[in-house]
Amino acid sequence: MHISAVEEYGLRCALQLASLPEGEVLAASQIAEREGISVQYASKIMHLFRKSGLVLAERGKQGGFRLSKNSDQVSLRTVFAALKEEEEERSGFCGQFKGLQSECVHLKECSVRPVWDVLSSFFDTVLDQVTLSDLSKTEHEAKKRMEVFAKSEAERIRSRFCANATENNNLEKVSVGDVK
């Protein structure tokens, strides 16, 4: 998991728009001032959001930006995807860390892979299920939402691992039975 500066500031800019009353807009200069970033950086982020369809721009003296959807319909994945100028290659951890070899030397048996799988799964689920609306609240309310989310996600992951362990035990019993 790596959150770039543009993703962090982009999320914060998106939250500024999510907090607006319906029909109101914010200029890039207003967003920049509220977030403590340069107008050029805020403008770059708004350009990426507009290009992806995440925001709508209104021209003119009273112009600015607003979300194109309700904040409860905008996931973190949508925000982060809008900030990617090019599609990243997703070859997984094993493809990224192969050293000087053509493939990872631990590809067939890796005790670390389950850790990355759990973290990656959890992170992907957070990106898919947490919305701008969830984060447009007080820190205390957002923390409570994340606690509920984390508990349910931990249960889902635990169930998945228990199912895999049961499956593996059944396979071992079949294999041992075949040997006799």
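Observations, loosely collected:
- Hey, Leu119 surrounded by 12 or more Cβ atoms within 10 Å (Cβ to Cβ) and in contact with a helix residue (DSSP H, G or I) (Cβ under 6 Å, 6 or more places away or on another chain) or not: no
- Within the range 29-55, residues that are at pLDDT 95 or above have Cβ atoms under 8 Å from residues that are acidic (Asp, Glu) in these pairs: Ala42/Glu35; Leu48/Glu85, counting only partners at least 6 apart in sequence or on another chain.
- Criterion applied to Ser75, Ser19 was being touching a residue at least 60 places away in the same chain (Cβ under 8 Å), of a type in the set (S, T, N, Q) and under 15 Å from Ser136 (Cβ atoms), and the one residue passing it is Ser19.
- Within the range 128-163, the set of residues being of a type in the set (Asp, Glu) and surrounded by 12 or more Cβ atoms within 10 Å (Cβ to Cβ) comprises Asp128, Asp134, Glu141, Glu153.
- Within the range 1-14, the set of residues being in contact with a helix residue (DSSP H, G or I) (Cβ under 6 Å, 6 or more places away or on another chain), over 21 Å from Ser120 (Cα atoms) and of a type outside the set (Lys, Arg) comprises Gly10, Cys13, Ala14.
- Some residue of the range 139-152 being out of contact with any Leu (no Cβ under 7 Å at 6 or more places or on another chain), acidic (Asp, Glu) and at pLDDT below 90: no
- Single residue of Val74, Val130 found to be within 30 Å of Lys51 (Cα to Cα), touching a Phe, Trp or Tyr at 6+ places or on another chain (Cβ under 8 Å) and at pLDDT 90 or above: Val130
The values are calculated or read from the model by the stated rules, or taken from the named source; none is laboratory data. Worth saying up front: this structure is predicted, and the values here are computed from it rather than measured. Note: ideal-geometry Cβ built from the backbone for every residue, glycine included; neighbour counts use all protein chains shown.
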